[in-house]
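The block underneath contains the structure these notes are about, expressed in structure tokens.
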Amino acid sequence: MTPSLEVTDGAVAIGGRPILRGIDFSARGGEVVALLGSNGSGKSTLIRACMGRLPLTRGEIRLFGVPLARFHDWRRVGYVPQRTTAASGVPATVWEVVASGRLARRRWLTPLRRDDRTAIAHAIETVGLLHRRNDEVSTLSGGQQQRVLIARALAGQPELFVLDEPTAGVDLHSQHALSDTLREIIARGATVVLVAHELGPLESLIDRTVVVRDGRIAYDGPPQPGDGMAAFHSHAHPGEGEPPDRQPLGEGGPL
Amino acid sequence: MNILAYDFMQRALLAALLTGLAAPAVGTYLVQRRLALLGDGIGHVAVTGVALGLLTGQAPVLTAIVVATLGAILIEVIRARARTSGDVALALLFYGGIAGGVLLAELEGGTARLHEYLFGSIATASPADVWATVGLAIVVVSVAVGMSPQFFAVCQDEDFAAVQGLNVRLYSVAMSVLAAVTITIAMRTVGLLLVSALMVVPVATAQQIARGFRLTLATAMAVGTLAAVGGVTTSFYADVAPGATIVLLALAVFVATWPIGAAIRYRRRLVEPFEEPDAIAVRTEHQAAESHPHEHDEYCQHPAVVHGDHVDYVHDGHRHAPHGDHYDEH
């Protein structure tokens, strides 16, 4: 079976500086893969490259078997970019933001069809924000705004979900809501690739973890106990027998 | 004297009406992208275009559209390529546009005629000018409103819009070109130096009272039309410059709606002081509380909180819900 997402010998440079190199990574249909790594390891860069937002300097990315440059079937992909807020310069309601997740399925200059509206309402319901659908996103808490972004990706009914740090800066209650939402997505048979700093309540959902360290893949296999918790805790605990290869706290600090 | 008795005022009102609709429609997207001053940047570039027209004997509207569109595309290219932030790109064009315009106008023999375009001079607009304005304004409004789902997505989140298969750069350039055309058609009404106000102030006003993007867009267009038509009418009777009158009127509407906006925001704060309880209730796993020396009831002095279909008792900073012979943590 063709993998939903496949990177072969991928390398990415930003402003001439190599960020990723020698990346071989794939997610099969229905698989739930967590990309882990400390700040600055390159895990978000990898995801942005997979979504076509950053060019590869070598190697190839395929989505559903089609090289990225020739891939146009974007309705099959749901992307949740790394954001601290879902708000922009003009206030928009939860419903309006989620509705933009249907664009890959809509034609120009045509109003929303009934199945569009059903999908939007269902996506908002799945993340538990139906009662706030007419509220402005800027009035929501950080965790609720993250759920709005997930609902936006959900509205397109994609087969491949790509979530960039959905748990960063999100309170524990929203993390639980998030894991319930993911459980539902997974139950529908979608492929999920998620970038995380700490897995927290998501840990039990993961089939496979891929650890990115210094721009390379350092581990690819079944989740290890404590993955995404202490193992990738980005600050060192002095005197607790930390292995010498652990990186001290990066500039960004733990989120 | 009746304002509609004059042909030139009929034309002026028609031009003002359509300008008032078009400018805020485009302005809403600029504000959403946090590029509220893009209109100013393009307006300044258009000064060079007008001066070029005066110098070469071409129609200034035509040369202004060409130069403003080129300037708008240039701003997008600088933003995308040069790793310069949007406001620095704008600043570069601001200065280049004004300096170029003044220099070319001096070559032509003075800046006097440039004034008509800088501050608006609606009464001197020819019928051809007005019909061009009407045609272009209809195009701008149709595109800005008709393509609003796409423009909204691109302005809201470029990364997400791109993964929806939208050509983000093309839409960004299209938005800038719409802004350039709007500015050129508005320059006879409000003038190049003030046109940006008609793009931004109605949006700021709409944000005070409207909830949501589509409502903001519609309200901004209504406020813009009101200000433009009201401003031209006022300027006719009071014999003052239309551009300044339109902008001051728009600002007056903004000031008038400020208390309403403040009241709405205050009420929202009262309605939603805390995170919704259902976000808390998501944690459904059963968790029994520690053993308990007394039974919670209405006399136990622990604050009671209605939680869905039952009552919780606040207990040392957490909540206990009665469940059979014990209490659950909620």
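Do you know the relative contact order of the stretch A:5-232, to the nearest whole percent, from alpha carbon pairs under 8 angstrom that are 6+ apart? Relative contact order of the stretch A:5-232: 29 percent. Among the residues of A:73-84, the average count of other protein chain beta-carbon atoms within 10 Å of the residue beta-carbon is 3. At a threshold of 20 Å², the residues of the stretch B:189-220 that become less accessible to a 1.4 Å probe in the full protein assembly than in their chain on its own are B:207, B:211, B:212, B:213, B:214. For the chain pair B and A, buried accessible area totals roughly 3700 Å², probe 1.4 Å, rounded to the nearest 100. Among the protein heavy atoms of chain A, carbon and sulfur supply 51% of the accessible surface, probe 1.4 Å, non-protein parts ignored. The mean number of Cβ atoms from other chains found within 10 Å of a Cβ in peptide A:164-174 is 2, as a whole number.
Amide H to amide H, with H built 1.01 Å from N, residue A:213 comes under 5 Å of A:218, counting only residues 5 or more places away or on other chains. Distances between placed amide hydrogens fall under 5 Å for residue A:171 paired with A:143, all partners being 5 or more residues away or on another chain.
Applying the Karplus relation 6.51 cos²θ - 1.76 cosθ + 1.60 with θ = phi - 60° to the stretch B:4-10 yields 3J(HN,Hα) values of 7, 6, 9, 4, 5, 6, 4 Hz, where x marks Gly and Pro. Coupling constants for the stretch A:133-144 follow from the phi torsions by the Karplus curve (6.51 cos²θ - 1.76 cosθ + 1.60, θ = phi - 60°), and in residue order they are 5, 9, 8, 6, 4, 5, 8, 8, 6, x, x, 5 Hz; glycine and proline get x.
Express as a percent, rounded to the nearest 5, the fraction of DSSP beta bridges in the stretch A:5-232 (both residues included) that run antiparallel. Looking only at bridges with both residues in the stretch A:5-232, the antiparallel portion is about 55 percent. Think of a 1.4 Å ball rolled over the protein heavy atoms: the stretch B:123-164 then has 33 Å² of accessible area per residue.
Karplus-derived 3J(HN,Hα) values for the stretch B:19-30, using 6.51 cos²θ - 1.76 cosθ + 1.60 with θ = phi - 60°, are 5, x, 7, 6, 4, x, 4, 6, x, 4, 5, 5 Hz; glycine and proline are entered as x. Taking a ≥ b ≥ c as the square roots of the eigenvalues of the Cα gyration tensor, the stretch B:3-196 is classed as oblate, since a/c reaches at least 1.5 and a/b does not exceed b/c. In the context of the full set of protein chains, chain A has a per residue accessible area of 43 Å² (1.4 Å probe). Taking label positions 7 Å along the Cα-Cβ direction at both residue B:145 and residue A:204, the computed distance is 5.2 nm, reported to one decimal. For the stretch A:5-232, the convex hull spanned by the alpha carbon atoms encloses 128 Å³ per residue. Dividing the helix sum by the residues of chain A, where each DSSP H run of 4 or more adds -39500 (n - 2.57), gives a mean residue ellipticity at 222 nm of -7000 deg cm²/dmol.
Take each peptide in B:193-202, B:63-72, count the other Cβ atoms within 10 Å of every residue, and average; sorted highest first, the result is B:193-202, B:63-72. If you take the Cα centroid of the stretch B:195-258 and the Cα centroid of the stretch A:123-144, the two points sit 32 Å apart. Peptide A:145-155 has a mean of 1 when you count, residue by residue, the C-beta atoms of other protein chains within 10 Å of its C-beta. Taking amide H positions as modeled 1.01 Å from N, with prolines and chain starts lacking one, the residues under 5 Å from residue A:5 and 5 or more places away or on another chain are A:27, A:64.
Computed over protein heavy atoms with a 1.4 angstrom probe, the accessible surface ordering of B:236, B:8, largest first, is B:8, B:236. Simple spin-label estimate for residue A:114 and residue B:4 gives 4.5 nm between the two label positions (7 Å along the Cα-to-Cβ direction from each Cα).
The values are calculated or read from the model by the stated rules, or taken from the named source; none is laboratory data. Keep in mind the model is a prediction, meaning the values are calculated, not measured. Positions of Cβ are backbone-derived with ideal geometry, glycine not excepted, and every protein chain shown enters the neighbour counts. Ligands, DNA and RNA are excluded from the accessible area calculation, which covers all protein heavy atoms including side chains. Shrake-Rupley method; radii C 1.70, N 1.55, O 1.52, S 1.80 Å.
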